[in-house]
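If you scroll down you'll find the structure; I have some questions about it.
The values are calculated or read from the model by the stated rules, or taken from the named source; none is laboratory data. Computed from a predicted structure; not experimentally measured. Neighbour counts are summed over all protein chains in view; Cβ atoms, including those assigned to glycine, are modelled from backbone coordinates with ideal geometry.
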Amino acid sequence: MEKQYIIDAMTVRDSWRLFKILAEFVDGFEALTDIDPAVSIFGSARVRPGDDSYDKAVVIARRLAESGFNIITGGGPGIMEAGNKGARDGGAKSVGINIQLPMEQIANPFATIRQEFKYFFVRKVMFLKYAQAYVAMEGGLGTLDEVFEALTLIQTRRMRPFPVILVGRDYWCGLLEWVRNVLLARKLISPEDLDLVTLTDDPEEVVKTIRRTVVL
C-alpha cells in the first residue's frame, strides 16, 4: 500500500512538471515572437571584459545588429554579456534567456528583453527556434552542448540548415582535428558533416558569412 502511494505521488509530481514545462514554452514563445531575424551567440560566462574573445563578441554582435539582426544570448556574464552589449550598442533587440542554476547566474545589464528558464532543454529550443545563425566563442560544456545539438539537428534534417560559426582557431582547432581524425576516420560521420561549421578569427568574416547565407 505504501509503495503504491509513493508511485501515485510520483505520477502526480510528473504530471505537474509537464504543466511547468509547457508554461515555459508558452512564455518563451510569447516573449520572443517578434525578434526575427536573430543570431544566437554562445560562449563562456567566465570570460571577462578586456579578454580578446569578449571584445570580439562585442564587435560581432554590434556589426550584426547594424546589419539588421537581433541578438540572442544566454543572458549571463562573460561572452553572453558581450553579445548583449554589442547588440544594444548596434541598436538591435538584445535578448537574454537566462537559466536558473543552483549557483545563481546573474543576468547581465545589457539585455533589453529578458526571459528566465528552469529547464535547459526548453531554453535550447528558444536558441534554435528563433535563430538564423549560431556564433560560438570559447566556452565550456554548455557551449559545446549547444553547438553539437545544433549540428546534430541540422545533420539529421530535423532543423533547417543555417550557419554555425566557430570563432577562435586556437580554441576550436583541436576539437575539429579530433572530429576529423577520429569521427571521420572511423566513418562515424560523413565528409559533408564537416561542412556544417565555419571556423574563423575575423569578426567581419562572421558577419559576411551570415549576410551571404541568411535572407533578410
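Among the residues of region 140-155, what is the count of those that are farther than 17 Å from GLY76 by Cα and in contact (Cβ under 8 Å) with a residue 60 or more places away in the chain?
1
Is it fair to say ARG211 is touching a residue at least 24 places away in the same chain (Cβ under 8 Å), surrounded by fewer than 19 Cβ atoms within 10 Å (Cβ to Cβ) and touching a Gly at 6+ places or on another chain (Cβ under 9 Å)?
For ARG211, the condition - touching a residue at least 24 places away in the same chain (Cβ under 8 Å), surrounded by fewer than 19 Cβ atoms within 10 Å (Cβ to Cβ) and touching a Gly at 6+ places or on another chain (Cβ under 9 Å) - is met.
Which condition number in (1) closer than 23 Å to GLY86 by Cα; (2) modelled with pLDDT of 95 or more; (3) not charged (D, E, K, R) is the one that THR213 fails?
(2)
Also: Considering each residue of region 94-112, count those that are outside any strand (DSSP E or B) and at pLDDT 90 or above, and give that number. Walk me through it before giving the result.
So the first thing to find is which residues in region 94-112 are outside any strand (DSSP E or B), and the list is 100-112.
Subset that is at pLDDT 90 or above: 108-112.
So the count comes out to 5.
Still on this structure: What do you reckon, is GLY91 out of contact with any Gly (no Cβ under 7 Å at 6 or more places or on another chain), modelled with pLDDT of 95 or more and exposed (fewer than 13 other Cβ atoms within 10 Å of the Cβ)?
Considered against the rule, which asks whether it is out of contact with any Gly (no Cβ under 7 Å at 6 or more places or on another chain), modelled with pLDDT of 95 or more and exposed (fewer than 13 other Cβ atoms within 10 Å of the Cβ), GLY91 comes out as yes.
Taking region 187-200 only, how many residues are loosely packed, with under 14 Cβ neighbours inside 10 Å, within 20 Å of the chain's Cα centre (by Cα) and charged (D, E, K, R)?
1
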